[in-house]
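Asker: Here's a structure for you.
The values are calculated or read from the model by the stated rules, or taken from the named source; none is laboratory data. If you're wondering where the values come from, they're calculated on a predicted model, not measured in any experiment. Note: ideal-geometry Cβ built from the backbone for every residue, glycine included; neighbour counts use all protein chains shown. All accessible areas refer to the heavy atoms of the entire protein, side chains included, with ligands and DNA or RNA removed. Shrake-Rupley method; radii C 1.70, N 1.55, O 1.52, S 1.80 Å.
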Amino acid sequence: MPDRIKIICSVESIRYKKGDFHIAAVIIDKVKEGTPVTNNKRITIKGLAPELVVGNVYTLIADYVNDPKWGGQYKVVSMYGEIDFGKDNKDGQKQFLSNLFTPLQIKNMYNALPDPFETLKKGDKEQLLKVKGCGKETAERWIKKFNDNTYLARIFSELAGYDLTNNIVKKLLDTYKNPDTVIEKVKSDPYVLCYEVEGIGWKTADKIALESGVDRHSAKRIGTYIYKFLNDCGYNGFSWIKIDDLYKNICSDLDESISMDMVMNAISGMSDKFRLNDNRTEIGLLKFYSVAKLITHHLFRLKNAGSDIKCENWENILTEIEQKNNWQFTPEQRQGIETVLKNNVTVIYGEAGTGKSSTVSAFLEILKNYSFVQCALSGRASSRMSEITGQEGYTIHRLLGFPSHDDDKNGFAFHDENPLKTDIVIVDELSMVDAFLFYYLIRAIPSGAKLVMIGDTGQLESIGCGNVLSDIINSGAIPAVHYTQIHRQAARSAIITESRKIRHGEQITAENQCVTEVRGELQDLQIDCYNGREKTFDKIINAFKTEIGKKNADIMEIQILVPVKNTGTVCTNKLNKAIQDIYNPPAENKPQIKITAEKDSFFIRKGDKIINTCNCYYTKLPIYNGNIGIVKEVYPEDNAILADFTGIGEVYIDDNIIGNIRLGYAITVHKSQGSQFDCVIFGTDQWSYMLLTREMMYTAITRAKKKCYLIAENSALHNAVKTEGVSKKQTYLKDLLKDKNFLNTPQITQ
C-alpha cells in the first residue's frame, strides 16, 4: 500500500476545480494515522472530493504520490466534512451548509428561513421557494446536494474501517438510496456489492471485505468469486466452463494455496446458484441453464400450438407479386415463404443480398388479413424494417413496454400473463439478441401466433448471454431455411458482392497491391488499400470530410467504423475527438460537459452524435448498449444532457449514467451490429490484427446501405480475409432443443 495518511485538515486554498475533481492546499490540524510528508504542516491534495470551502475542516484519507511534474502530493481516497452538525449545534449546521452553498446562497437562505438546515433536511421545496434566486429545479438540486453530503458524512463515520472512497460511496448511494441500507449492506456482506452495484467489480468488493476481516480462504470469498467469474463468462457467451478451467482462474486470481476441496465446499454452500453436470466436470450458473430451459419450453409451446391462421392460394399471390415487380423469387425464397406459411415458428437466415427482406414482404402480403408486429434489438434495425413493410418497427424493449412498473416481470408490460395482441411476430437481426431478452420476447407471444426469426450467421457474434440464432439453427428442432443465392438486384452492389467474397475467404485485392478504385454497377464500394499504417487516420478523416461536405449530408447516416476503441493508430477515442473538432467545435455560447472514462476524457456539446455503451435496466430508462442519438440540450450545472435516440425518442441522461455516454461519430464494428447507415467509412490497419477476421470485415461493410469506404492497410485486409472467427461459445440451448425427452419432463417455473 502507498504511504497512506488519515488526518484532520483545513483547506488553505483551492488551486483547481473541475466538477468533483480538486487540487487544493490543506493545513494539517491533527494526524490520526500515518506520517505525512509536509511543508510546514501543508500538503497538496488532488482527486475527487466534496465541494471544498477555504477555511473549513475535513477528515482526509490520502495516498502519497510523486508527480513527475509537481513533485510530492497526496491522492484523495476519501474526504468529508469534519463538522458537528447535531440537532443543537446551529453554528455547526451553518458551517456545514457553507461547505455546500455559495456565501450569497447562505445569506439568502438565512434571511428567508428560520432554520435552513431543518428545511433542507425535511426536503421542503415550498419553503425553499421563499429563498431569493431559488426556483423549483434549484430547490430540488439543493435538497439532493444536502442529502448526498449528510449521507456521505454519516457513512464515512459508521464505516471508518472499510477503506471506502468518495467514488465508491457515491455508487453505493446511487444504488441503495439511503445511508442505512448502504451501512447494512457493507457490514453484513460486502461481496453482494459486486453484483448489485453498477460500477463495483469483484476486486473492489473483495478489498472492502478483506479490510473488514474476511478470511482469504473462506467459503464465502471463494463462492462469491466463482459466482462473479461464471456470471462474466455467461454474459460473454459461455454459459458453462470446465471445472478445471475455473480452478486455474481461482488459483491465479485468489490464492494458489486454495485446494479443490475448498472450491467444491464453496460451490456446495451456494448450490442454489450453480449447475454442475452429472459427472461434475462442467459448471455454470443455474440462471443461464434456467433461461435456456424456458426458451425451449416457449419455442415448443409456440411450435406445437393450434393456429387459426389460413393461407389459401398463396402460390397464386406469389405469382402476382412477381408479375407486379417484374422479377422472380429464387427457389430458396419460395421455400422460405412456404415454410413460414406452414409452420408456427420459422428461422430464415442468410447473408446480405439473399432476399430475406423480400421474403418478409411476400408472406405479409399473403397474410395481409392478419395483424403483425416487427421488432429488432436496435432502433436503426427496427427503422429499417419499417422501410420494408411500411408499418412501424419497434425495438424489442419498446414492443414489450419497457420500462413498466411490473418488477415481477423484469420491468416489461407484456409477458406470459399479458401477452401481445397480434397474429404474427417478426424478429430481425436475431444474431444480436441475447438469451434473456429473447426469453422475455417469446414468453409474451400468444399461442397460435406465428414467430418468424430473421438472421445472418455470417456476422460477428453478439456480445452477451447465449448464442440464440446459431443454437436454434443447429438444433434442428425448429424449421429453418438457409438462403445462399444472391438476389439479382443485390448483385449490382459491390457492398454485397465483395463482402460475400470476404466472408467466404476470397481475397478482393492482390497481395501487396495498392488499390484505389470504386467497384460495383452501383459504384457503392470505394476501396483504398495501401501500405503503411500511418496513413489510415488521415484517410478516414478525409473520407468523412468528403461525405459531410455533400449537400443535405446527415451526420446520423454517416458512420465511421473501426475495430477498437482506445488503442492503436486508429481507435474510436482519437477519431471522435478529431471529427468533433471538424463537425461540432467548441464555441463561447455552446455549453459542454466533460466526461472521464476508461483513461480518456472528452467533452459533449449540444449537437454531438453520441452512443450509449451500457444497458440501463437498473435505471428503467429505455436506452441500451449501442443506441445512437443526437444531443439536444446540455445542462452543465447538473452534469446532464437531453438526447434524441434513433427509434426511441428524447431521453434525459442524468449524472448517474452520463459516464456510459461516448461520442458516436466513430464506433466499433461490434457496436454497429444490428444497424445500417447510408454511408459507412470502415478503416483498419495491422494494429488491430488480433481482432481482424473475415466476419468483422463482412459485418463492417454490410452496415452500409448506399456507400461504403473500405480503407485498409494491405496486410490487414489480407490477414483478415485469411482468418475465420470460429464460434467457441458454450451454451445449453442447442442440446435442450435436441432433447427428445424435454416435453415429457416437468418444466421449471418462471
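Asker: Can you tell me which of K609, K599 is modelled with pLDDT under 95, closer than 30 Å to R533 by Cα and of a type in the set (K, R)? Steps first, answer last, please.
Answerer: Details: K609 fails: modelled with pLDDT under 95.
None of the others qualify; the one that does is K599.
Rundown of residues vs (1) of a type in the set (F, W, Y); (2) in contact with a Ser or Thr (Cβ under 6 Å, 6 or more places away or on another chain); (3) on the phi > 0 side of the Ramachandran plot, yes/no style:
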residue: G237; (1), (2), (3): no, no, yes
residue: I243; (1), (2), (3): no, yes, no
residue: Y247; (1), (2), (3): yes, no, no
residue: E256; (1), (2), (3): no, no, no
residue: G269; (1), (2), (3): no, no, no
residue: D278; (1), (2), (3): no, no, no
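Asker: So the check is Cβ under 9 Å with 6+ separation or different chains; which pairs have a first residue in region 92-106 that's of a type in the set (K, R) and a second one that's buried (at least 19 other Cβ atoms within 10 Å of the Cβ) and in a helix (DSSP H, G or I)?
Answerer: These pairs meet every condition: K94/P116; K94/F117.
Asker: Among what's in region 568-588 and is more than 15 Å from I681 (Cα to Cα) and β-branched (V, I, T), pick the residue that is modelled with the lowest pLDDT.
Answerer: Within region 568-588, the match that is modelled with the lowest pLDDT is T569.
Asker: Being basic (K, R) and crowded, with 17+ Cβ neighbours inside 10 Å: is that true of K356 here?
Answerer: yes
For every residue, the table says whether it meets (1) within 19 Å of I424 (Cα to Cα); (2) in contact with a strand residue (DSSP E or B) (Cβ under 8 Å, 6 or more places away or on another chain); (3) open to solvent by 30 Å² or more (accessible area, probe 1.4 Å).
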| position | (1), (2), (3) |
| --- | --- |
| K273 | no, yes, yes |
| R280 | no, no, yes |
| L286 | no, yes, yes |
| V291 | no, no, no |
| I295 | yes, no, no |
| L302 | yes, yes, no |
| G306 | yes, no, yes |
| I309 | yes, yes, no |
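Asker: Moving on. Run down L437, L451 and say which single residue is modelled with pLDDT of 95 or more, under 24 Å from Q676 (Cβ atoms) and open to solvent by less than 30 Å² (accessible area, probe 1.4 Å).
Answerer: Exactly one residue qualifies, and that residue is L451.
Asker: Within region 311-327, restricting attention to residues that are within 22 Å of T346 (Cα to Cα) and assigned to a loop (DSSP other than H, G, I, E, B), which residue is most open to solvent (accessible area, probe 1.4 Å)?
Answerer: Out of the qualifying residues, it is E312.
Asker: From I611, I623, grab the single residue that is part of a loop (DSSP other than H, G, I, E, B), on the phi < 0 side of the Ramachandran plot and among the β-branched types (V, I, T). If you could, list the steps in order and put the result at the bottom.
Answerer: Numbers: I611 fails: part of a loop (DSSP other than H, G, I, E, B).
Being part of a loop (DSSP other than H, G, I, E, B), on the phi < 0 side of the Ramachandran plot and among the β-branched types (V, I, T) holds for just one of I611, I623, which is I623.
Asker: Output the residue which, of all residues in region 26-54 that are open to solvent by less than 70 Å² (accessible area, probe 1.4 Å) and under 21 Å from L97 (Cβ atoms), is modelled with the highest pLDDT.
Answerer: Ranking the candidates gives V26 first.
Asker: For region 58-73, how many residues are in contact with a Ser or Thr (Cβ under 7 Å, 6 or more places away or on another chain) and modelled with pLDDT of 90 or more?
Answerer: Going through region 58-73 one residue at a time, the tally reaches 1.
Asker: Additional query: Would you point out the residue of region 422-434, among those that are open to solvent by 10 Å² or more (accessible area, probe 1.4 Å) and modelled with pLDDT under 95, that is farthest from the chain's Cα centre (by Cα)?
Answerer: Among them, the one singled out is D428.
Asker: Could you list, ordered by first residue, the pairs with Cβ atoms under 6 Å in which the first is in region 520-536 and under 16 Å from N714 (Cα atoms) and the second is of a type in the set (A, V, I, L, M) and open to solvent by 20 Å² or more (accessible area, probe 1.4 Å), at least 6 apart or interchain?
Answerer: Q526/V518
Asker: Here's a follow-up. Which residues, counting only those in region 464-502, are in a loop (DSSP other than H, G, I, E, B), modelled with pLDDT of 95 or more and not polar (S, T, N, Q)?
Answerer: Across region 464-502, the qualifying residues are G476, A477, I478, P479.
Asker: I'm told K722 meets every condition in (1) at pLDDT below 90; (2) over 24 Å from the mean Cα position of the chain (by Cα); (3) not β-branched (V, I, T) except one. Can you identify the failing condition by its number?
Answerer: (1)
Asker: Show me the helices (runs of 4 or more DSSP H) entirely contained within region 118-229 in which 1 or more residues are open to solvent by 20 Å² or more (accessible area, probe 1.4 Å) and either touching a Ser or Thr at 6+ places or on another chain (Cβ under 7 Å) or touching a residue at least 40 places away in the same chain (Cβ under 8 Å) (or both).
Answerer: 125-128, 136-158, 166-176, 193-196, 202-211
Asker: Another one. Just one of the numbered conditions (1) among the aliphatic types (A, V, I, L, M); (2) in contact (Cβ under 8 Å) with a residue 40 or more places away in the chain; (3) surrounded by fewer than 18 Cβ atoms within 10 Å (Cβ to Cβ); (4) out of contact with any His (no Cβ under 8 Å at 6 or more places or on another chain) is not true of V57; which one?
Answerer: All conditions are met except number (3).
Asker: Looking only at region 331-351, count how many residues are open to solvent by less than 20 Å² (accessible area, probe 1.4 Å) and either among the basic types (K, R) or under 26 Å from Q673 (Cβ atoms) (or both).
Answerer: 8
Asker: Here's another thing I want to ask about it. How do the pairs read when you match residues in region 331-348 that are without any contact (Cβ under 8 Å) to a residue 40 or more places away in the chain and of a type outside the set (A, V, I, L, M, F, W, C) with residues anywhere that are assigned to a helix (DSSP H, G or I) and open to solvent by 10 Å² or more (accessible area, probe 1.4 Å), using Cβ under 8 Å and keeping only pairs 6 or more apart or on different chains?
Answerer: E338/W314
Asker: Just checking, how many residues over region 333-366 are outside any helix (DSSP H, G or I) and either among the β-branched types (V, I, T) or touching a Leu at 6+ places or on another chain (Cβ under 6 Å) (or both)?
Answerer: So the answer is 6.
Asker: Further question: The conditions are (1) crowded, with 19+ Cβ neighbours inside 10 Å; (2) out of contact with any Phe, Trp or Tyr (no Cβ under 6 Å at 6 or more places or on another chain), and V570 fails exactly one of them. Which is it?
Answerer: Here V570 clears every test but (2).
Asker: Same structure again: Looking at E461, E511, which one is in a loop (DSSP other than H, G, I, E, B), of a type outside the set (A, V, I, L, M) and more than 25 Å from Y349 (Cα to Cα)?
Answerer: E511
Asker: Which of the residues belonging to region 537-555 are open to solvent by less than 50 Å² (accessible area, probe 1.4 Å), touching a residue at least 24 places away in the same chain (Cβ under 8 Å) and either over 26 Å from R500 (Cα atoms) or of a type in the set (K, R) (or both)? Don't jump to the end; show me each part of the working.
Answerer: Kept after step one, since they are open to solvent by less than 50 Å² (accessible area, probe 1.4 Å), are these residues of region 537-555: 540-541, 543-544, 547-548, 553, 555.
Next, only the ones that are touching a residue at least 24 places away in the same chain (Cβ under 8 Å) stay: 540-541, 543-544, 547-548, 555.
I541, I548, I555 - these are the residues of region 537-555 that are open to solvent by less than 50 Å² (accessible area, probe 1.4 Å), touching a residue at least 24 places away in the same chain (Cβ under 8 Å) and either over 26 Å from R500 (Cα atoms) or of a type in the set (K, R) (or both).
Asker: Is it true that some residue in region 733-747 is in contact with a Pro (Cβ under 8 Å, 6 or more places away or on another chain), in a helix (DSSP H, G or I) and either at pLDDT 90 or above or of a type outside the set (S, T, N, Q) (or both)?
Answerer: Checked against the condition, which is being in contact with a Pro (Cβ under 8 Å, 6 or more places away or on another chain), in a helix (DSSP H, G or I) and either at pLDDT 90 or above or of a type outside the set (S, T, N, Q) (or both), region 733-747 yields no hits at all.
Asker: If you don't mind, there's one more thing I want to ask. With open to solvent by less than 20 Å² (accessible area, probe 1.4 Å), assigned to a strand (DSSP E or B), β-branched (V, I, T) and within 20 Å of T165 (Cβ to Cβ) as the only criterion, which of V65, V77 stands out? Spell out how you get there, then give the answer.
Answerer: On the way: V65 fails: open to solvent by less than 20 Å² (accessible area, probe 1.4 Å).
The conditions single out V77.
Asker: Still on this structure: Please determine, by comparing only the residues of region 74-110 that are at pLDDT 85 or above and among the aromatic types (F, W, Y), which one is farthest from the chain's Cα centre (by Cα).
Answerer: Y110
Asker: Could you count how many residues in region 542-575 are under 27 Å from the mean Cα position of the chain (by Cα) and over 21 Å from L692 (Cα atoms)?
Answerer: The number of residues fulfilling the criteria is 6.
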